[in-house]
Amino acid sequence: MNLPNGITVGRIALIPVFLLLALGHSTIAALAAFAVFVIASATDSLDGRLARQRGQTTRTGSFLDPLADKLLLASALVVLVAHRGFPLWAALVIAAREVAVQVLRTQIVRSGGDLPASPAGKMKTFLQGIMVGWWLLPWERNAGHWVLLGVVLVATLWSGGEYLFRAQMVRKVVG
């Protein structure tokens with residue numbers, strides 16, 4: 001296993017730590033969960049950058065990296081819905097997009113193609129990280145929560161549509 005893939009696996013290993021802290025009932029636990037979430041999110045760009053710089057990009061890494069993002073996001077959404085008043089319908093929209101893109105990516109990779117992250121997908125991930133972090137912090141909901149949620153929903157749907165279009169183009173080439 002190379003270093004970039006090791007970092008990705010490390011991000012996945014942080015998810016149970018995040019959940020344990022996020023499900024705690026103290027302000028300290030909430031702040032610690034926020035810190036773990038920020039660390040796991042911040043290392044997302046590190047593994048990809050290292051892989052490209054070192055010439056260590058792999059199909060495994062290309063699959064695991066977005067999967068790690070989705071697992072962390074799903075864990076955070078469960079916590080937000082259960083403990084922070086996050087709307088279930090919004091979590092389901094976000095989760096449906098993530099599942100749909102992962103299924104598309106898996107199908108494309110199995111057929112010999114590639115569906116790497118797009119700029120819109122990267123922006124969506126960045127915005128989701130900001131929004132989730134904002135919602136994780138132990139304070140009362142305010143207008144910022146709802147504005148960030150709206151921006152993230154637009155970015156989520158936009159990038160999902162873009163992936164669907166790109167997947168159709170790849171299928172025409174590969175298929």
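The values are calculated or read from the model by the stated rules, or taken from the named source; none is laboratory data. What you are looking at is a predicted structure, and each value in this text was computed from that prediction instead of being measured. Virtual Cβ from ideal backbone geometry, glycine too; neighbours counted across all protein chains shown. With ligands, DNA and RNA removed, areas are computed over all heavy atoms of the protein, side chains included. Shrake-Rupley method; radii C 1.70, N 1.55, O 1.52, S 1.80 Å.
For (1) at pLDDT 85 or above; (2) under 23 Å from THR8 (Cα atoms); (3) among the aromatic types (Phe, Trp, Tyr), each residue gets a yes or a no:
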position: GLY55; (1), (2), (3): yes, yes, no
position: SER62; (1), (2), (3): no, yes, no
position: LEU72; (1), (2), (3): yes, yes, no
position: VAL93; (1), (2), (3): yes, no, no
position: LEU115; (1), (2), (3): no, yes, no
position: PHE126; (1), (2), (3): yes, yes, yes
position: LEU137; (1), (2), (3): yes, no, no
position: LEU149; (1), (2), (3): yes, no, no
position: GLU162; (1), (2), (3): yes, no, no
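So the check is Cβ under 8 Å with 6+ separation or different chains; which pairs have a first residue in segment 50-71 that's farther than 16 Å from THR125 by Cβ and a second one that's open to solvent by 70 Å² or more (accessible area, probe 1.4 Å) and β-branched (Val, Ile, Thr)?
Here the result reads ALA51/THR57, each pair linking segment 50-71 to a residue that is open to solvent by 70 Å² or more (accessible area, probe 1.4 Å) and β-branched (Val, Ile, Thr).
Looking only at helices (runs of 4 or more DSSP H) that lie completely in segment 19-133, which have at least 3 residues being of a type in the set (Phe, Trp, Tyr) and crowded, with 20+ Cβ neighbours inside 10 Å?
Values: elements: 27-54, 59-83, 88-110.
Helices (runs of 4 or more DSSP H) meeting the threshold: none at all.
Would you tally the residues in segment 23-49 being more than 17 Å from ARG11 (Cα to Cα) and without any contact (Cβ under 8 Å) to a residue 12 or more places away in the chain? Walk me through it before giving the result.
Of segment 23-49, the ones more than 17 Å from ARG11 (Cα to Cα) are 23-31.
Keeping just the survivors that are without any contact (Cβ under 8 Å) to a residue 12 or more places away in the chain gives 24-26, 28-29.
The number of residues fulfilling the criteria is 5.
So which residues in segment 164-175 are assigned to a helix (DSSP H, G or I) and under 18 Å from GLY112 (Cβ atoms)? Can you show your working first?
Filtering segment 164-175 for residues assigned to a helix (DSSP H, G or I) gives 164-174.
Matches in segment 164-175: ARG166, ALA167, GLN168, MET169, VAL170, ARG171, LYS172, VAL173, VAL174.
So PRO138 fits all but one of (1) open to solvent by 50 Å² or more (accessible area, probe 1.4 Å); (2) free of Cβ contacts under 8 Å to residues at least 60 places away in the same chain; what number is the exception?
It is condition (2) that PRO138 fails.
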